[in-house]
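Here the structure comes first, spelled out in structure tokens, and everything after it is commentary.
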Amino acid sequence: MDMAVFTAPIDACELAAIRLEDDERQRCEVWTRVMGYHRPVASFNTGKKGEFEERTYFREHGGARAG
């Protein structure tokens, strides 16, 4: 049986008032693709962590298609 969940909308002021202490936060695990498979960055050795920090990110812009 599907259940509908209704919540009251939260405005920007209420959202800004939400504060978490450090002990209430959940650690975020970052994964990345390396050599065709995905691995958590936390498992990298020192050299691989350095390479990860030096990566250059780019966004591919749409262009004219050939053909």
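For (1) at pLDDT below 85; (2) hydrophobic (A, V, I, L, M, F, W, C); (3) outside any loop (DSSP other than H, G, I, E, B), each residue gets a yes or a no:
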site: Met3; (1), (2), (3): yes, yes, no
site: Ala16; (1), (2), (3): yes, yes, yes
site: Gly47; (1), (2), (3): no, no, yes
site: Glu51; (1), (2), (3): no, no, yes
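Pick out the one residue from Glu60, Glu21 that is under 22 Å from the mean Cα position of the chain (by Cα), modelled with pLDDT under 85 and not small (Gly, Ala, Ser).
From the options Glu60, Glu21, the qualifying one is Glu60.
With respect to Arg39, is the statement that it is touching a Lys or Arg at 6+ places or on another chain (Cβ under 9 Å) and either aliphatic (A, V, I, L, M) or modelled with pLDDT of 85 or more (or both) true?
yes
The values are calculated or read from the model by the stated rules, or taken from the named source; none is laboratory data. None of these values were measured; they are calculated from a predicted model. For neighbour counting, all protein chains shown are included, and Cβ atoms are generated from backbone atoms with ideal geometry for every residue, glycine included.
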